Amino acid sequence: MKINGKPYRTIWPHGETSVEVIDQTKLPHEFRTVMLRNVDDAARAIRQMIVRGAPLIGATAAYGIALAMREDASDEALDRAHDTLLETRPTAVNLRWALKRMCDALRNHPRDQRASLAWAEAAKIADEDVEVCRSIGEHGLKILQEAAAKKKPGETLNVLTHCNAGWLGCVDWGTALAPIYMAYDAGIPIHVWVDETRPRNQGASLTAFELGGHGVPHTIIADNAGGLLMTRGQVDLCIVGTDRVTANGDVANKIGTYLKALAAKDNNVPFHVALPSSTIDWQMAKGSDIPIEERSVDEVLKMTGRTPTGTVVTVDIAAPGSSAANPGFDVTPARLVTGFITERGTCEASEKGLKSLFPSE
Ligand code: MRU
């Protein structure tokens, strides 16, 4: 996708020496990139959410292994890099998926070949993510076309999304936003309700930034506004991304997703979840087993923004001494999900539905 007219991915290698990423902690106030030169840089970028979003976390971890192999391609170094990267964030399963894929690709090869193989495999993971997201977009577009066909001529299709499951959370295109970009490009009159997504504001800071960059009409709303909009008939459907889908179809996503799914169910608003197959945890039976990241309470007690003079500042928003809690994700049970949009097509949110698209898993 483009920033100021220039095409970007969220992550790109420089030869076989370093990797550059867009610093998402600075958006939308400043566009800055960060160079990752070793495995610790990659781990720090994931932990500090310089890069974030399940597919991008996976791609960064893959490049993290490549950076490690550049310095030391022994089995011990591979294990160390794997473990360092795996402990960065607990909920998005794409991290484990990418690390396993890298280790499987390298383990049985001689040490002197591992560095080159690792760079090639990481690039493959990144390139595949772009194609997978493009396919998700194409399958999701059909859902948006059908929904638009039910509207009166000239009426706008209103889609609600939560957090950022756009190109910034992936390598390109995005998961939940890919169908929206394609619908917009196809001339469907579309408007997106963007949940601000407290506490880190991925909606207000990232989703709105990227939709605006593509020209897609959108409106940022407080996280609690979606329910009212649904009761008023102002939301035609919801599409969100996910960080882990368990074998039975339960969905972990950014905190607040579950409440949107409940409101959608109560108002007969379709609630779709877009995901690459790398987000399916076939080994985990149900959503209540998913590890939920507990994040710093500072994210709840403070907010960061730009002053009229252009300085970015962080301010306290609570009375001194108040305590806070900050679970980063919640789990939406499969029964509240209308369907999944994957790179292989759409299916019902259930084990049967997932197996119909991925029979060999
Ligand atoms: O904590 P984050 O910003 O990494 O969480 C990401 C999300 O929850 C995304 O919204 C998402 O749906 C999965 S990534 C496309």
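Residue-wise test of (1) closer than 30 Å to ILE190 by Cβ; (2) in a helix (DSSP H, G or I); (3) of a type in the set (D, E, K, R).
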| site | (1), (2), (3) |
| --- | --- |
| ALA61 | no, yes, no |
| ALA68 | no, yes, no |
| LEU85 | no, yes, no |
| GLU128 | yes, yes, yes |
| CYS133 | yes, yes, no |
| GLU146 | yes, yes, yes |
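From (1) buried (at least 22 other Cβ atoms within 10 Å of the Cβ); (2) acidic (Asp, Glu); (3) in contact with a Pro (Cβ under 8 Å, 6 or more places away or on another chain), pick out the condition that doesn't hold for ASP172.
If we test ASP172 against (1) buried (at least 22 other Cβ atoms within 10 Å of the Cβ); (2) acidic (Asp, Glu); (3) in contact with a Pro (Cβ under 8 Å, 6 or more places away or on another chain), just (3) comes out false.
Which of (1) without any contact (Cβ under 8 Å) to a residue 12 or more places away in the chain; (2) exposed (fewer than 12 other Cβ atoms within 10 Å of the Cβ) does THR304 not meet, given it meets every other one?
With respect to (1) without any contact (Cβ under 8 Å) to a residue 12 or more places away in the chain; (2) exposed (fewer than 12 other Cβ atoms within 10 Å of the Cβ), THR304 is out only on (2).
Can you report the number of residues in the range 13-55 which are more than 16 Å from the ligand (Cβ to nearest atom) and in contact (Cβ under 8 Å) with a residue 24 or more places away in the chain?
14
Can you pull out every residue in the range 127-165 that is surrounded by fewer than 16 Cβ atoms within 10 Å (Cβ to Cβ) and of a type in the set (Asp, Glu)?
Result: ASP127, GLU131, GLU138, GLU146, GLU155.
Only residues that are within 16 Å of the ligand (Cβ to nearest atom) and part of a loop (DSSP other than H, G, I, E, B): list them for the range 1-12, please.
Across the range 1-12, the qualifying residues are MET1, ARG9, THR10.
Pick from the range 264-291 the residues that are touching a Leu at 6+ places or on another chain (Cβ under 9 Å) and assigned to a helix (DSSP H, G or I): which of them is farthest from ALA178 (Cα to Cα)?
LYS265
I'd like to know if the range 347-360 contains one or more residues that are more than 19 Å from PHE271 (Cα to Cα) and hydroxyl-bearing (Ser, Thr, Tyr).
Within the range 347-360, one or more residues are more than 19 Å from PHE271 (Cα to Cα) and hydroxyl-bearing (Ser, Thr, Tyr).
Please work out which one of (1) out of contact with any Leu (no Cβ under 8 Å at 6 or more places or on another chain); (2) at negative phi; (3) in a loop (DSSP other than H, G, I, E, B) is the condition MET35 fails and give its number.
(3)
Which residues, counting only those in the range 237-263, are within 16 Å of the ligand (Cβ to nearest atom) and part of a loop (DSSP other than H, G, I, E, B)?
Of everything in the range 237-263, those that are within 16 Å of the ligand (Cβ to nearest atom) and part of a loop (DSSP other than H, G, I, E, B) turn out to be GLY241, THR242, ASP243, GLY249, ASP250, ILE255, GLY256.
Do we have THR338 as within 30 Å of ILE143 (Cβ to Cβ), of a type in the set (S, T, N, Q) and surrounded by 13 or more Cβ atoms within 10 Å (Cβ to Cβ) here?
Yes; evaluated as a whole, the condition is true for this residue.
Let me confirm something: among LEU99, LEU86, which residue is without any contact (Cβ under 8 Å) to a residue 60 or more places away in the chain, surrounded by fewer than 23 Cβ atoms within 10 Å (Cβ to Cβ) and within 16 Å of the ligand (Cβ to nearest atom)?
Details: LEU99 fails: within 16 Å of the ligand (Cβ to nearest atom).
LEU86 is the lone residue from the list that is without any contact (Cβ under 8 Å) to a residue 60 or more places away in the chain, surrounded by fewer than 23 Cβ atoms within 10 Å (Cβ to Cβ) and within 16 Å of the ligand (Cβ to nearest atom).
Of PRO327, PRO333, which residue is within 23 Å of the chain's Cα centre (by Cα), under 20 Å from ASP195 (Cβ atoms), touching a residue at least 12 places away in the same chain (Cβ under 8 Å) and surrounded by fewer than 17 Cβ atoms within 10 Å (Cβ to Cβ)?
Exactly one residue qualifies, and that residue is PRO327.
Hey, any hits in the range 222-236 for a residue that's closer than 20 Å to GLU348 by Cα, within 14 Å of the ligand (Cβ to nearest atom), in contact with a helix residue (DSSP H, G or I) (Cβ under 9 Å, 6 or more places away or on another chain) and not in a helix (DSSP H, G or I)?
no
Taking the range 256-301 only, how many residues are under 30 Å from LEU228 (Cβ atoms) and either among the hydrophobic types (A, V, I, L, M, F, W, C) or without any contact (Cβ under 8 Å) to a residue 24 or more places away in the chain (or both)?
Going through the range 256-301 one residue at a time, the tally reaches 17.
Out of the range 159-173, which residues are out of contact with any Ser or Thr (no Cβ under 9 Å at 6 or more places or on another chain) and within 12 Å of the ligand (Cβ to nearest atom)?
Across the range 159-173, the qualifying residue is only TRP173.
Any read-out appearing in this document is the output of simple, stated calculations on the displayed coordinates, not a laboratory observation. The model shown is predicted, which means the values in this text are computed figures rather than measured ones. Note that we place each Cβ from the backbone using ideal geometry, even for glycine, and neighbour counts take in every protein chain shown.
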